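Participant: Attaching a single structure in C-alpha cells format; questions to follow.
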Amino acid sequence: MSRKHPFKLKVVSLLFLLIISCTACVPVKNELFLKGIKSYDEEQYRTAIAYFNDAVKDDPGNAELYFYRAKAKMQLDSCKIAIDDYSRAIILDKTKVDYFINRGLANISCQNYYNAIFDFDFAEVLDSANAQIFFNRAYARELIEDYPEALEDYTVALSLDSTNYKYFINRGLLFSSLDNSVSAIEDFSSAISIDPNIIAAYKNRGDEYFNLGKFSEAVVDYSNAIAIEADNSSLYYSRAEAKIGMSEFLSAAVDYTYVISLDPKDATAYYNRGICYANINMKGNACEDFNKAGELGFFEAYNVVKDYCEEKDKSKEKTKK
C-alpha cells in the first residue's frame with residue numbers, strides 16, 4: 001500500500017497559488033493610457049493629450065504617462081511644456097535613456113542647446129553604445145559652434161553605426177562649413193554608397209565639386225539628383241551654374257528653360273538665361289529675356305537692357321546720320 005505525501009501536496013498547491021497571485025500582480029496598462037497611445041499613433045495629438053491628462057489624475061506617479069504626453073506635445077510644437085513633462089518623467093524614473101534623449105531633442109527645439117548637451121551627457125552614461133545620443137549631441141554642439149567636439153561626436157556615432165547615411169551627411173556638411181571639401185566629399189560619397197537615392201548627398205557633393213572648380217563632376221552629381229527629383233528647380237539652377245563654369249552656355253540655357261517651365265514667373269531664371277544667350281551671341285533672345293526679367297520685378301535687368309540691348313539701336317542711329 002502506497003503512502004501519500006500530504007506535505008508535498010501542500011507545497012505544490014502553494015506554488016500554484018503563488019503563480020496565480022504573481023500573474024494577477026502583473027500591471028495592466030491603464031485604459032486611458034492605451035487610448036492615448038492609440039490616438040497618438042493615429043496622429044490625433046490633442047485627443048491623446050486629453051487621455052494622458054485623465055490618466056495622470058488616476059496615476060500621478062507613472063513616469064510613462066508624462067513621457068508620452070510630452071511626445072504628443074512635441075508634435076504640436078509645444079517644446080517648452082513638453083520639457084516640463086519630460087522632466088517629471090525623469091524625476092520619477094532616472095533610468096530610462098529615452099527620457100533624456102527626448103528632453104534633449106525638445107531642448108534643441110527650444111534653442112536651449114547647452115541644456116540639450118547636458119541631457120545627452122546623462123543619456124551617454126545610461127547607454128554609451130547608443131549612436132543616436134552622440135549624433136544628437138554633435139548637432140547641439142554644432143549649433144553652439146563647438147565644431148571640434150561636434151566632429152568628435154559625429155565620428156563616435158559613425159563608429160557605432162556606419163549604416164546611417166544621415167550621420168555621414170551631417171558630418172560632411174560640418175566639414176564643408178570648415179572648408180574641408182575633401183573630407184566632405186568622402187562623407188557624401190559614403191552616404192551615397194549606403195543609399196544611392198539620397199538627393200541631399202548628390203547635391204552637397206556637387207556643391208563641393210563646384211567649389212573646387214570640378215564642374216564636370218558637379219554636373220554629374222546634380223544630374224543624378226535631378227534623376228531622383230525632376231521637379232526641383234534649385235537642382236537645375238545648380239547644374240546650370242556648373243555648366244556655365246564649363247562655358248556650356250547653350251546647355252545651361254536649356255536648364256533655365258526647364259526652370260521657367262516649372263515657374264513662368266521666375267525672373268531670375270529669365271535673367272540668367274539671358275546671360276547665357278548673350279555669351280553665345282544670341283542677342284535677340286537675350287534681350288527678350290532681360291526685358292521679361294525686368295517685367296517680373298528683376299529691375300537690375302533694365303540696366304543690362306540699356307547697356308547691351310539698346311547699344312545696337314544707338315549704333316544704327318549713328319550710321320543713318
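No value in this document is a laboratory result; all are computed from the given coordinates. Please read all numbers here as calculations on a predicted model, not as lab measurements. Please note: Cβ atoms are built from the backbone with ideal geometry, for glycine as well, and neighbour counts cover all protein chains shown.
Participant: Run lengths n ≥ 4 of DSSP H only: what is the helix-derived mean residue ellipticity at 222 nm for the chain, with -39500 (n - 2.57) per run over all residues, to the nearest 500? Don't skip to the end; give the middle numbers.
Facilitator: Numbers: 19 runs with 248 residues, N = 321.
About -24500 deg cm²/dmol.
Participant: If I take R0 = 22 Å and measure r between the Cβ atoms of TYR114 and ASN180 in this structure, what FRET efficiency does the formula 1/(1 + (r/R0)^6) give, to the nearest 0.05?
Facilitator: Numbers: r = 26 Å, r/R0 = 1.19.
The calculated FRET efficiency here is 0.25.
Participant: Could you give the length gained by full extension between ALA129 and SER216, i.e. 0.36 nm per residue of separation minus their alpha carbon distance, to one decimal place?
Facilitator: 27.2 nm
Participant: To the nearest 10 degrees, how steeply does helix 233-245 sit against the main Cα axis of the chain, on a 0 to 90 scale?
Facilitator: Computed tilt is about 50 degrees.
Participant: Normalised by the number of residues in the chain, what is the relative contact order in percent for Cα pairs under 8 Å and 6+ residues apart?
Facilitator: Numbers: 394 pairs, mean separation 18.7, N = 321.
Computed over the chain, the figure is 6 percent.
Participant: Counting Lys +1, Arg +1, Asp -1, Glu -1, what net charge surrounds TYR154 among other residues with beta carbon under 14 Å of its beta carbon?
Facilitator: Numbers: positive: ARG137, ARG141, LYS166, ARG171; negative: GLU142, ASP146, GLU149, GLU152, ASP153, ASP161, GLU186, ASP187.
Cβ neighbours under 14 Å give a net charge of -4.
Participant: Classify the range 258-298 as rounded, prolate or oblate from the Cα gyration tensor: take a ≥ b ≥ c as the square roots of its eigenvalues, call it rounded if a/c is under 1.5, otherwise prolate when a/b beats b/c and oblate if not.
Facilitator: Values: a/c = 2.45, a/b = 1.51, b/c = 1.63.
Oblate.
Participant: May I pose another question? Would you work out the relative contact order for the range 104-177, in percent, from Cα pairs under 8 angstrom that are 6 or more residues apart?
Facilitator: Values: 76 pairs, mean separation 17.8, N = 74.
Relative contact order for the range 104-177 comes out at 24 percent.
Participant: Quick one: putting +1 on the C-beta of Lys and Arg, -1 on the C-beta of Asp and Glu, what dipole do you get for the chain around its Cα centre, in Debye to the nearest 20?
Facilitator: Working: 37 positive and 48 negative charges, 228 e Å.
Its charge dipole is roughly 1100 debye.
Participant: Which Cα, out of ILE144, LEU105, VAL304, lies furthest along the positive dipole direction of the chain (beta carbon charges, K/R +1, D/E -1)?
Facilitator: Of the listed residues, the answer is LEU105.
Participant: Another question, if that's okay. At 7 Å along Cα-to-Cβ for each site, give me the label-to-label distance between SER234 and GLU43 in nm.
Facilitator: The answer from the label model is 2.3 nm.
Participant: Now for a separate question. Taking K and R as +1 and D and E as -1, what net charge do the other residues with C-beta under 14 Å from the C-beta of ILE275 add up to? All intermediate terms of the calculation are to be shown ahead of the outcome.
Facilitator: Numbers: positive: LYS243, ARG273, LYS283, LYS292; negative: GLU241, GLU248, ASP255, GLU288, ASP289, GLU300, ASP307.
Net charge in that neighbourhood comes out at -3.
Participant: Here is a follow-up. For THR155 and SER251, compute 0.36 nm times the residue count separating them, minus their Cα-Cα distance, and round to one decimal in nm.
Facilitator: On the way: separation 96, 0.36 × 96 = 34.56 nm, distance 4.02 nm.
Gain in length upon complete extension: 30.5 nm.
Participant: Label the range 86-166 by shape, choosing from rounded, prolate and oblate, from the square roots a ≥ b ≥ c of the eigenvalues of the Cα gyration tensor; if a/c is under 1.5 it is rounded, and otherwise prolate applies when a/b is larger than b/c, oblate when it is not.
Facilitator: Values: a/c = 2.22, a/b = 1.33, b/c = 1.67.
Taking the square roots of the gyration eigenvalues as a ≥ b ≥ c, the range 86-166 is oblate.
Participant: Related question: What is the local net charge at ILE144, summed over the other residues whose Cβ is closer than 13 Å to its Cβ (Lys, Arg +1; Asp, Glu -1)?
Facilitator: Numbers: positive: ARG137, ARG141; negative: GLU142, GLU145, ASP146, GLU149, ASP153.
Taking every other residue near ILE144 into account, the sum is -3.
Participant: Right, next: Can you pick out the pairs among LYS283/LYS306; LYS71/LYS203; LYS35/LYS73; LYS38/LYS73; LYS214/LYS283 whose Cα atoms lie more than 21 Å from each other?
Facilitator: LYS71/LYS203; LYS214/LYS283
Participant: Near LYS57, which aspartates and glutamates are there with a Cα under 20 Å away, not counting those fewer than 8 places off in the same chain?
Facilitator: Excluding near neighbours in sequence, the set is GLU31, ASP84, ASP85, ASP93.
Participant: For the range 191-256, what does the relative contact order come out to in percent, with C-alpha contacts under 8 Å and a separation of six or more?
Facilitator: On the way: 73 pairs, mean separation 17.2, N = 66.
Normalised by residue count, the contact order of the range 191-256 is 26 percent.
Participant: Name all residues of the range 106-124 having a backbone nitrogen under 11 Å from the label point set 7 Å from the Cα of THR95 along its Cα→Cβ direction, giving them as ranges.
Facilitator: Taking a point 7 Å out along Cα→Cβ of THR95, no residue of the range 106-124 has its backbone N under 11 Å.
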